[in-house]
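The values are calculated or read from the model by the stated rules, or taken from the named source; none is laboratory data. Given the structure is predicted, the values throughout are model-derived calculations rather than measurements. Counting neighbours? That spans all protein chains shown, and the Cβs are built from the backbone with ideal geometry, glycine included. Each accessible area value is taken on the protein alone, full model and side chains, heavy atoms only, with ligands, DNA and RNA left out. Shrake-Rupley method; radii C 1.70, N 1.55, O 1.52, S 1.80 Å.
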Amino acid sequence: MSILFLLIFTSFILTGCHTFAGSGNIQNVGLLLDGSIDDNSWNKKGYEGLLQIEKQFRTNIFVKENMEAKEDIQRAVDELVQQGVNLIYGHSSIYGNIFEDIAKVYPDVHFVYFNGGIYDDNLTSLNFNSHAMGFFGGMIAGKMTRTDQVGIIAAFNWQPEIEGFYEGVKFENPAAVVQMDFVNSWEDKQRALEMYEVMKSKGVDIFYPAGDYFSAEILQRAERDRLYAVGYVSDQMDVAPEAVLTSTIQNVDKLYELSAELFHKGELQGGILTFDFEDEVIELGEYNNKVPKTYQRYMNDIIKEYKKSKLLPNEYSE
């Protein structure tokens, strides 16, 4: 027994305070937000995911809001490590470049961020395959438009769901015209609303506001104007129940739980991990009763087929 104790004690001395990270087991968990928890549904769902980690692993969690400047992020990470955190989430793509440098300073801490292409041994990017999500939302818009005019108001033109939504509209309704405009910001609600008014004046009757800071306002504006829309990121049926046909949902809270479980088992790899419908982290939300029941069943069937084949309808019908 004394020899065994000596071996354990020696191992602890050699590895020092970083022993916990080598095992992969969660100690404490940190979350950095580039805004506040209540800014939008994306941030709120990230926080909810952290709460689930706290509950499932009975660990301490630490949240730091409004972390955008590199110096603030560096200082926050230093503080989190001092508090025994060995798993740190950055709830945005902006953290990729900054985490790349910090991860080298703390090799025994695992860093996770979203929707980026940078990775390292202890740096993981979690990515939503949102092209298909947009495609299925676009199909519903193409089906339900009465003017054959559909509008996309997006934060940025690189969002994969935008191309998917366009393809879905045109697959379902080749006669439809898809108008697009880009805010070039996640936060400029006023600019997004101005785009909405311009599109409405051109006959658009279904909108896809692909930006979680401004989606709710546009959905409510569409409801006021007796028009339709497709919700974004979360199930937004309750935001404008008369207008929302369905929502394209990214369950980032579930992705937090999944990645934390992998880390706890020592199985979370540094790299770019991509998730889709079959992983149960992307889905369509509740259907509006105005969407015909037969079409709802049709959509459910083709989504089920997509989960098995990984082929969208425009790919296997050619």
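Test of understanding: in a Gaussian network model of the chain with alpha carbons linked when under 10 Å, which of 201, 185, 36 would top the mean-square fluctuation ranking? Per the Cα network of the chain with a 10 Å cutoff, 201 tops the list.
The alpha-carbon of residue 55 sits under 25 angstrom from the alpha-carbons of these lysines, leaving out residues fewer than 8 places away in its chain: 44, 45, 64, 254, 265. Note on region 105-204: the C-alpha convex hull projects to 7.8 nm² when averaged across all orientations. With a Förster radius of 51 Å applied to the C-beta separation of residue 147 and residue 75, the computed FRET efficiency comes to 0.45.
The largest-to-smallest principal axis extents of the Cα set in region 211-250 are 27, 17, 12 Å.
Below 19 Å, Cα to Cα, which lysines can residue 200 reach? Residues fewer than 8 away in the same chain don't count. Correct list for residue 200: 143, 189. In the chain, Cα pairs under 8 Å separated by at least six residues give a relative contact order of 17 percent. In the context of the full set of protein chains, the chain has a per residue accessible area of 46 Å² (1.4 Å probe). For the chain, the mean residue ellipticity at 222 nm estimated from helices alone is -14000 deg cm²/dmol, where every DSSP H run of n ≥ 4 contributes -39500 (n - 2.57) and the total is divided by all residues, rounded to the nearest 500. As a size descriptor, the averaged projected area of the C-alpha convex hull of the chain was calculated at 18.3 nm². Taking the 1.4 Å solvent-accessible surface of region 234-301 as the whole, the part contributed by carbon and sulfur is 46%. Using only the Cα atoms of region 238-306, build the gyration tensor, take square roots of its eigenvalues as a ≥ b ≥ c, and label the shape rounded, prolate or oblate: rounded if a/c is under 1.5, else prolate if a/b is larger than b/c, else oblate. It comes out prolate by the Cα gyration axes. Rounded if a/c is under 1.5, else prolate if a/b beats b/c, else oblate: with a ≥ b ≥ c from the C-alpha gyration tensor eigenvalues square-rooted, which is region 148-197? The shape class here is oblate. The overall shape of region 132-254, judged from the alpha-carbon gyration tensor, is rounded, with an a/c ratio under 1.5.
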